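A short worksheet on the structure shown next.
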Amino acid sequence: LFHFVTKNGGGKSVPNAWQSLVELIYDFVPNLVNEQIAGNVKQKFFPCILVTFTFSLFCNPQGMIPYSFTVTSHFLITLGLSFSIFIGITIVGFQRNGLHFLSFSLPAGVPLPLAPFLVLLELIPHCFRALSSGIRLFANMMAGHSSVKILSGSAWTMLCMNDLFFFIGDLGP
């Protein structure tokens, strides 16, 4: 969808507002990926990163609409997002590296009889990484939007208490 809206994919040569926004996102995400990932594999992961970025970009401000909630402040959404990315990374890691993918958890110079235990020991925290990133995103979004709603509610209360402050000021000499 992004490709067809941008100028490279057949969009208008003089872009409208929607096409300008899409091209801005389409140019921003590869620059962000280039800064973080080395090598030539970044083009393979670009669609996944772009979809995740736009999902977060458009779902997070939704909580600022009155009487609505942020989708990413729902625990199952963040957990599903983190587990799907974790499973995708694990599948791609096994496809590209085979069982050698598990060597990320094996420090250099470990004796061979100790290696299976260390791999198992390091694999457990690796699996909990998906759970922890889902919980972190949920907690950050919930805390951020809760604090904004608390502050906006107290600001509204202060505006409504205007008459009370005038009354207290009249009690003085």
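The values are calculated or read from the model by the stated rules, or taken from the named source; none is laboratory data. Owing to the predicted nature of the structure, the values given are computational and were not obtained by experimental measurement. Heads up, the Cβs are rebuilt from the backbone with ideal geometry, glycines too, and the neighbour counts pull from every protein chain shown.
For every residue, the table says whether it meets (1) modelled with pLDDT under 70; (2) surrounded by 15 or more Cβ atoms within 10 Å (Cβ to Cβ); (3) under 15 Å from the mean Cα position of the chain (by Cα); (4) part of a helix (DSSP H, G or I).
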| residue | (1), (2), (3), (4) |
| --- | --- |
| 3 | yes, no, no, yes |
| 19 | no, yes, no, yes |
| 23 | no, yes, no, yes |
| 28 | no, no, no, yes |
| 31 | no, no, no, yes |
| 44 | no, no, no, yes |
| 48 | no, no, yes, yes |
| 57 | no, no, yes, yes |
**OP:** Answer yes or no: is there a residue in the stretch 77-84 that is surrounded by 14 or more Cβ atoms within 10 Å (Cβ to Cβ), out of contact with any Phe, Trp or Tyr (no Cβ under 9 Å at 6 or more places or on another chain) and at pLDDT below 80.
**Re:** no
Original post:
Of all residues in the stretch 105-122, which are loosely packed, with under 13 Cβ neighbours inside 10 Å and hydrophobic (A, V, I, L, M, F, W, C)?
Top reply: 108, 110, 112, 114, 117, 120, 121
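Within the stretch 87-140, can you find the residues that are part of a helix (DSSP H, G or I) and among the β-branched types (Val, Ile, Thr)?
Let us first name the residues in the stretch 87-140 that are part of a helix (DSSP H, G or I), namely 87-105, 112-140.
The answer is 87, 89, 90, 91, 92, 119, 124, 135.
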Subject >> In the stretch 123-159, residue surrounded by the most Cβ atoms within 10 Å (Cβ to Cβ) [restricted to those that are within 22 Å of residue 93 (Cβ to Cβ) and among the small types (Gly, Ala, Ser)] >> reply: 134
Original post:
When both residues are 6+ apart or on different chains and their Cβ atoms are under 6 Å apart, which pairs have a first residue that lies in the stretch 93-116 and is touching a residue at least 12 places away in the same chain (Cβ under 8 Å) and closer than 19 Å to residue 127 by Cα, and a second that is of a type in the set (S, T, N, Q) and assigned to a helix (DSSP H, G or I)?
Top reply: none
